[in-house]
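The values are calculated or read from the model by the stated rules, or taken from the named source; none is laboratory data. All figures in this text were calculated on a predicted structure; none of them were measured in a lab. Here the Cβ is made from the backbone with ideal geometry for all residues, glycine too, and neighbour counts use every protein chain on show. SASA here: full protein model, heavy atoms, side chains in, ligands and nucleic acids out. Shrake-Rupley method; radii C 1.70, N 1.55, O 1.52, S 1.80 Å.
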Amino acid sequence: MGATVRALPPLLLGLVCAAAPVRAQVVTRDNYLELLPPMPALVSETRASASLRLYGDPTSLSYSDLAPRDGIDDARAARLLELAERFSPILRRNNFSVPRHFADVLGSPPLLHVDTWQDGRRVRSDTIALAPTHVALGFGAQDPTLADHDAALAALVQEFEPDRARPAVRSAEGEQEKVLFFDFPGEDPASWRKAYAKLPTGDSKIYAHFFLEEEPSASGPDRYRFVIQYWFFYPFNDAGNNHEGDWEHLNVHVALRRQAPDSAADRTLWSAEEIARVLEGAAAPLDSLAVGAVDYYFHESVMTVPYPDAAAAAAGAGSGQRTHAWEDPRFVARVVRRRMELAGGRLATHPIGYIGGNNKGPDELITLWPRFWGSYNRNSHGTYPLPGVWETVGPAGATEKIAGRVVPAVRARHGPASGDSSWQTLLDDDHYIAYAKDRIILLPDWERIQELVLSEREARRTWSWLILPMRWGFPTSRSPGAGLLEHYDVGNVAPEGPAFQPTWNRSATRGGFQRYTPRVLKGIQTNPWAGLQNGWGFLNIPLALWVLVPGANVVVSQLGPWSYGALDLVDKAPARTFYPRELPLRFSSVGGGWFYQLGGGSFAQLLPQEQHPQVAALLSDGRFVDPESFRLETRSGPRVLFNLYRGRRLSWEYGFGRDSSGIRYAIADSSGRRVATVAGTLQLNELTGGLRYSVGLFRG
């Protein structure tokens, strides 16, 4: 998942990132422990999943868990895979980075590293192979056998067995601490890119985990939610923060199409009988199931998109709510409807997610040498519901820009007549990846494989990773902020596995994530960093200074929204901006009036001085320019005012005024008597700019 950096105040985190280079280069095998936060606890299965026998009933005579040995009844697993494919997401990649099966990138055999620490020192390092091998791998004997590795793995599983009682007494010699981790290829953005950029995207795989959730506020039989969590593993994260390994996910809430649905009812609530029929499969065909809602997770935020409600609300969203000319309150609903109707509805059950985006944070100015579109800082791997500019989602409130079309293109010729009728090949854009059953791996609850892992060698090699408290990557990486706070994740720590994530078996905000409810804006960006271009280095400096250009940015903000209507008609509108807070009273304003200018006598120095022949002739016989006589005739003139607001109190204020004023000075003789006057006209075209901060009652 995304790092926990949002727990820090943005100002503090900004200072951390600014000072990061001091220690960001000294993360080693011998000091990473001081940077690691405590490992979280496993998250249990839900009571509903257990009581309704989601993964099969082991006490039933028909129960069979043989192929594969995964704690799921084989017949139930086949049904769950059908459901997983029906609701599998279509993911739009930002570059080469796509979800992988971790074993495909670990190499053969997969190696589990175990570092033992005592009193802050690494005292031992072991390596356990999770597949047959006879090669020396650093565990005890010079030529370890499969049995040696399995015995070491079994001891490790028993040591960290979830139900094992932990002693309440501490050793006087000090406690030993073990850090378990997979070490994937590469160690920084450059080497990660080299290791994975050429891997075929066609090998992408995802994981599907089912759970049932009881709604506490529901009454009556319809009180369960049927949720599919799709987990995505990426070998690295390179964005506003860097870490090896990355687990992301989204939730699909499955809805049941009833004969006469109550429009006011929550269509994602099921009865126990309905769940049983769907899991059995015979009495509940797949066509009776639809998407109810999708939870999209990115960084420490979650956005829930209710599919039927959103589609039905396309004609009436935003009623009763104050909107701006810059706002597009029906945008999400319109997009959902278009996606559900795409290709005659054949993709209506496949939510579309966008993998990460281009970082738009101030850390883009840390690396000054341009890298342009070299895939650096473009792999945050959060899963977004829509392309566009997403404000204050990343570390230190960074913005991310997500690429792609809101609705993907489909092939003009597709179907039985073309010789290809599979839904996976409908899309006419290789940036989008569809997942059939052969590219989906079922993840059971860890309780289902706990006994198998303890007692069976093959299950232990296959599933111990789901139970063991391990880091998915080298424990810490070089990253902005790495090393400045001990035992705190500022974005540089390798993640824990899915079952240790706070969102495992939880939907929406129940995992502690912040709900992201954006206002969709047209043609305006409220974040000053949003104009930065990913990888442009020092060339971003003039873009960052754009917010200081008097008037120009206000004009763009004023004109932008009005161009969207025409561009929407031809499907060419620029990306929307997603703003997560209450909109200010205004973003920009234009005004006008008259000004009355005071002072400015020094402008008279622009008049011809003693170097001018005519003035020089007046300065004979001891005459001189009287320094006290410089004057500007005070006049008023028209002024146009521009304001660009950055919140309720702060704004950039610009003004353009034009006037014609008289200027003069006197020439005096030796007695001080003024004997001549030099006069002229000053044409002023004045452009001013500055910051305005309202502290009184009348604040915008």
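Note on exposure: M340, M470 ranked by accessible area (1.4 Å probe, complete protein assembly) read M340, M470, with the most exposed listed first. Once the Cα-Cα distance is subtracted from the 0.36 nm per residue extended length, the R635 to A412 segment shows a gain of 73.4 nm.
Counting heavy atoms of the protein chains alone, T304 has an accessible area of about 50 Å² for a 1.4 Å probe. Computed extension gain for R674 through S108, at 0.36 nm per residue and net of the alpha carbon distance, reaches 193.9 nm. Extending 7 Å from Cα along the Cβ direction at V26 and again at D119 yields two label points whose distance is 2.2 nm. By a 1.4 Å probe calculation restricted to protein chains, E686 has an accessible surface near 60 Å², given to the nearest 10.
A Cα-only calculation for segment 345-406 places Rg and Dmax at 13.6, 48 Å. Estimated at 0.36 nm per residue, the fully extended path between E686 and R664 surpasses their Cα-Cα distance by 5.9 nm. Here is the size of segment 588-700 from its Cα atoms: Rg then Dmax, 20.3, 64 Å. Taking a straight Cα-Cα cut-off under 24 Å and skipping sequence neighbours fewer than 8 places away in the same chain, the lysines within cross-link reach of K360 are K194, K401, K522, K572. At R0 = 56 Å, how high is the FRET efficiency between T517 and V169 if r is their beta carbon distance? Nearest 0.05 is fine. E(calc), rounded to 0.05, equals 0.70. Peptides 266-276, 30-40, 221-231, 675-685 ranked from most to least packed, by the mean per-residue count of other Cβ atoms within 10 Å: 221-231, 266-276, 30-40, 675-685. K178 contributes about 70 Å² of solvent-accessible surface, heavy atoms of the protein only, 1.4 Å probe. So if R0 is 35 Å, what FRET efficiency would Y693 and A190 give, r being the distance between their Cβ atoms, rounded to the nearest 0.05? With R0 = 35 Å, the Cβ-Cβ based efficiency is 0.25.
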